[in-house]
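The values are calculated or read from the model by the stated rules, or taken from the named source; none is laboratory data. Predicted, not measured: the structure shown is a model, and the values here were computed from it. Note that each Cβ is placed from the backbone with ideal geometry, even for glycine, and that neighbours are counted across all protein chains shown. In case anyone asks, the SASA skips ligands and DNA or RNA and just uses the protein heavy atoms, side chains included. Shrake-Rupley method; radii C 1.70, N 1.55, O 1.52, S 1.80 Å.
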Amino acid sequence: MSTPTLPIADTRQVARAAGRLIAADRRAAAAILLLNVLAAVAALGAPYLLGRIIDAVTGPRAAARIDLLAGAVLLCALAQTLLARWALLLGYRFGERTAARIRIGFLSRALSLPASVIERVPPGDLAARGTTDVDAIAGTLRDVLPGAFVAGIHLVFLLAAVLVLDPLLGLSGLLGLFGIVITGRWYLRRARNAYLEEGAANSELAEELAATAAGARTIEAFRLHRSRLAVGRAAIARTRRSRLATLRLRSVYFPVAEGSYNIPVVLVLLIGGLLYRGDRITLGTVVAAALYLRQLIGPMDTILIWLEQLQSSSASFARVEGLAAVPAAPATATAAPGSDRIEVKGVRYAYPGGPDVLHDVDLTVQPGERLAIVGLSGAGKSTLGRLLAGVDRPHTGAVTVGGVAVAELPPDLLRRQVVLVTQEHHVFRETVRDNLMVPASDDRLAEALRTVGADWARDLDTDLGEHPLTGAQAQQLALARVLLADPHTVILDEATALLDPRAARVAERALAAVLHNRTVIAIAHRLQTAHDADRIAVMDAGRIIELGTHDDLITHGGPYAKLWRQWHG
Ligand code: ADP
């Protein structure tokens, strides 16, 4: 089972991120707050005035006073409606803008994750965070937050109004709210983890489904249907369990909370009745207090219903923000390399959680040299290639080009120094031009494609999503990218190993054109490549055990000479 290695932001980080988002749009946020406060004040008018109407019934000149008060009720209601709608409109816009900010932020963070992290995290997790989670946040910002905000402010003002109206009645009303507060706390304490688990289960399901789809041929070939089904079922079961857990929480929370709504009203009517009989307050005040507390139901319902969505989307937000906690690629070098010389000094390297796979490797590659690295599978050749290309950085020692650490070079500078060519070439579902990824004139792009023999790519606007490439064509595209990046050093790792012999021959020709006038470090699978190189480094168990020209090594009669003899039968 894949272990999720992408972090999740804690509540403090989430709060800080939310603060940043509000600050980014602070004028809109302030306007929304002001309009909501005004709307809440207007909403307090009607119950108060209704209370006064009841008191006026028994007073002098009742009809005229009641007309006046009723007119005022109407005005308050109108003002509240207009202000609340305006606030909501601004809220929706704010929500959409903020959702866009979150999306853009996520994308740019995902794109700037160090390659070594991207390669190791489960792709499903990253995808689920970028889609399901970001969508959940956007939905909440659009549909929930503006309304919940209106309700929250309304709630505060209603409570304040009851307290001002009559402190004793207000306090008894507040007391009656306790039940809701307790259930709310009970729910909130459990909900975050439950929703985080639900998110993780969704990620895992996405991950397993993607893995099954991607490995369809292997599954066919090895008849792995049953085991993939079992894995899928387990992931579905986990999703179901986590979903049931959150449903269970809600099935307790909602009924209890809704039952508690009436308690404050009942308390106020009871105590208000007693006070009225003792002539301590007017009937109008009791009615106004009861109306205020009845009015609480609206905003409280809104908050209750949305609290769960707020919870689940705050868990989503924690997952999206978690990306920020991935240590960025460490500080980039500011100095440009002083020469094209590559040096490896005292390098040790281990994959995360594993033992050292490179031990004290030293190597100097002179500009223009052709170096072949040979050795048995698992000797550490590809790992050394990755370090030379700056994909990973050594734990001890240094890999430098012209005196600057390769892994610290910013991407555009690195591209002009060293490029690693492997058998994995990604072709984006975009045009040929976009796939070449280097801003250059069409003439230069066309020339690069011609040099690598990519005659099929005459039209730079061909959409490669609609016209998929063969392995050999993808290889040519990758080589054209190298030509355009124009590095002084190219590292080849199994660059043509997966192609069929005919395609490989085409690719070799293209390769020769690309390698012309560059330093080449080739991880060699066929000893012929080694034979043609200027020097050969023989690796074994993470060390360079021999280094020299073909003739030297043959004369020396060491491991390389043995390999050569074996190869020649
Ligand atoms: P070679 O290219 O010579 O076949 P590698 O550099 O691929 O050797 O591997 C060297 C060692 O590092 C091996 O023991 C291999 O199992 C280990 N290794 C390679 N890639 C990874 C990885 N992504 N995570 C953990 N260990 C790895």
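In the list 341, 241, which residue meets the criterion of being open to solvent by 50 Å² or more (accessible area, probe 1.4 Å), modelled with pLDDT of 90 or more and in contact with a helix residue (DSSP H, G or I) (Cβ under 9 Å, 6 or more places away or on another chain)?
That would be 241, the only listed residue that is open to solvent by 50 Å² or more (accessible area, probe 1.4 Å), modelled with pLDDT of 90 or more and in contact with a helix residue (DSSP H, G or I) (Cβ under 9 Å, 6 or more places away or on another chain).
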Can you name every residue in segment 403-428 that is under 14 Å from residue 493 (Cβ atoms) and open to solvent by 30 Å² or more (accessible area, probe 1.4 Å)? 420, 422, 423, 424, 425
In segment 392-402, is there at least one residue being open to solvent by less than 20 Å² (accessible area, probe 1.4 Å), in contact with a His (Cβ under 9 Å, 6 or more places away or on another chain) and within 26 Å of residue 525 (Cα to Cα)? yes
Being more than 27 Å from the chain's Cα centre (by Cα) and not aliphatic (A, V, I, L, M) is the filter here; which residues of segment 188-227 pass it? 217, 218, 220, 222, 223, 225, 226, 227
Pairs where the first residue, in segment 184-205, is basic (Lys, Arg) and the second is assigned to a helix (DSSP H, G or I) and modelled with pLDDT under 85, C-beta under 9 Å, 6+ apart: 192/311
The residue from 81, 5 that alone is at pLDDT below 90 and surrounded by fewer than 14 Cβ atoms within 10 Å (Cβ to Cβ) is 5
Can you tell me which residue among 448, 454 is at pLDDT 85 or above, closer than 17 Å to residue 512 by Cβ and over 35 Å from the mean Cα position of the chain (by Cα)? 448
With the requirement that a residue be near the ligand (Cβ under 9 Å from one of its atoms) and of a type outside the set (Gly, Ala, Ser), what does segment 350-360 give you? 351, 352, 355, 357, 358
Within segment 522-546, work out how many residues are more than 13 Å from the ligand (Cβ to nearest atom) and open to solvent by less than 10 Å² (accessible area, probe 1.4 Å). 2
With the requirement that a residue be within 16 Å of the ligand (Cβ to nearest atom) and among the acidic types (Asp, Glu), what does segment 392-438 give you? 392, 424
Take segment 361-391 and flag every residue that is in a strand (DSSP E or B), open to solvent by 10 Å² or more (accessible area, probe 1.4 Å) and within 15 Å of the ligand (Cβ to nearest atom). 375
